[in-house]
Amino acid sequence: MGPRGLQVESVALDEIAARFGTPCYVYSRAALTTAFAAYRDTLQAKGLLDRALICYAVKANSNLAILNLFARLGAGFDIVSGGELARVLAAGGSADKIVFSGVGKAREEMRAALEAGIHCFNVESASELEQLDEVAGQLGRRAPVSLRVNPDVDARTHPYISTGLKTAKFGVAFDQAFEIYRRAASLPHLQVKGIDCHIGSQLLDPAPAAEAADKVLGLVDRLAAAGIALEHIDLGGGLGITYRADEPAPPTADYLGPMLARLAGRKEKLVFEPGRSLVGNAGLLLTRVQVLKHGEARHFAVVDAAMNDLMRPALYDAWHEIVKVGAGGTAAGTPMPYEIVGPVCESGDFLGHDRELALQEGDLLAILSAGAYGMAMASNYNTRPRAAEVMVDGDAAHLIRRRENVAELFALESVLP
Ligand code: LLP
């Protein structure tokens, strides 16, 4: 907190609000760069950087400026749709550093990815293998493939973002993987390249990921013994971030440590797919208090951001720290526990419960750790234009997505003749 209230790098948030309006996502270039460097430095320290590819999981935040920044830092990309493929290419990412995950790739998406020349398809079912072989055959190409295996490891995170259990729709069952690899190796238009595994998101404990790595490496060795040698091992993403002080995320090096220890002395290339840990703490959502309402049972602060802008609280009961920007010399209100809610017509439209704050109407609030799965999951519910996005770089604030206007929201619709 500087003399002009809360800042991102050298820019005051009240200036950003005045210039670009609210609600507004604000990202820090320096924080994005630092988060990427933590992965690079960890791999470098273990002597693994030369054979590692850090594929940013685009779904966490797909703004072109963010993709472009990571591309400039040398990142590859983990995509899950043809749309994300187009974004990465538009942002200057190289196709040969793209891995394509997802349980239901459309043939059209397979074609686009083959034509672009991506690094690898992370295939998630036996049926997808057959389809991909067929599509590649039609194009006269061989599709590079990894199988995403489901190691049946409990990632111990929110059930909606836990993906590595037997009951999950993701990946192929661990016990079937060997046979599916044999099939893949026999298909004419596929090229077996690697193996892939991702057990969940917002993981704070390195043990499940290390356990999954053990299982994956065991399978890699069995496959090699059977004559199927893999070039790369993709261990997915999942490292969590600190949302609240009493649940701190481990430093990147500590989280990756046990996993990387298992990879020392091997020859395969490595792929990682981090999303949240690269962008989550580098972004916040700036919002203004519209109305204070003191009901019989609760105090409400209705702000101009809502569940359509940041869905995580409504969807996962996620906790985001909310702080007052505190500039402009407004007289402080009386501290009291507030329900921080948006204007959307749903009781689930909250951004924070029971937050002790001293508020006045017109105050600016910052909802922290909102860089990942914030704007990327935003919608137009209630015909609300999606927020502006700004990237701060030192003392400059750049608009990286202008606010939508209402006319744009129904421009694709038409009435009956
Ligand atoms: N790779 C695959 C195959 C994934 O499914 C995911 C995330 C990642 C990588 C990146 O994981 P990360 O490093 O970000 O944990 N919307 C939820 C998170 C959904 C994660 C989906 N998959 C949230 O807001 O918490």
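The values are calculated or read from the model by the stated rules, or taken from the named source; none is laboratory data. Keep in mind that this is a model prediction, so the values were computed, not measured. Methodologically, a virtual Cβ is constructed for each residue, glycine included, from the backbone with ideal geometry; neighbour enumeration extends over all protein chains shown.
Annotations for the structure displayed:
- Scoring I233 on the criteria (1) part of a strand (DSSP E or B); (2) more than 16 Å from the ligand (Cβ to nearest atom); (3) without any contact (Cβ under 8 Å) to a residue 60 or more places away in the chain leaves a single failure, condition (2).
- Filtered residue count, the range 358-390, keeping only those that are out of contact with any helix residue (DSSP H, G or I) (no Cβ under 7 Å at 6 or more places or on another chain) and either more than 24 Å from Y27 (Cα to Cα) or β-branched (V, I, T) (or both): 6
- Filter result for D41 (among the acidic types (D, E) and not in a helix (DSSP H, G or I)): no
- Test for D254: is it outside any loop (DSSP other than H, G, I, E, B) and at pLDDT 95 or above: yes
- Exclusive hit being of a type in the set (A, V, I, L, M), buried (at least 18 other Cβ atoms within 10 Å of the Cβ), assigned by TED's automatic domain parsing to the domain that holds P208 and within 14 Å of the ligand (Cβ to nearest atom), set V153, V123: V123
- Residue in the range 322-344 that is hydroxyl-bearing (S, T, Y) and within 16 Å of the ligand (Cβ to nearest atom) present: no
- Test: residue in the range 50-62 that is in a loop (DSSP other than H, G, I, E, B) and either within 16 Å of the ligand (Cβ to nearest atom) or surrounded by 16 or more Cβ atoms within 10 Å (Cβ to Cβ) (or both): yes
- Here A75, A38 are screened, and the one residue that is within 16 Å of the ligand (Cβ to nearest atom), surrounded by fewer than 22 Cβ atoms within 10 Å (Cβ to Cβ) and within 25 Å of T242 (Cα to Cα) is A38.
- Filter pass, F300 being aromatic (F, W, Y), surrounded by 15 or more Cβ atoms within 10 Å (Cβ to Cβ) and within 16 Å of the ligand (Cβ to nearest atom): no
- Condition broken by A411, with the remaining ones in (1) touching a Pro at 6+ places or on another chain (Cβ under 8 Å); (2) free of Cβ contacts under 8 Å to residues at least 40 places away in the same chain; (3) of a type in the set (A, V, I, L, M, F, W, C) satisfied: (1)
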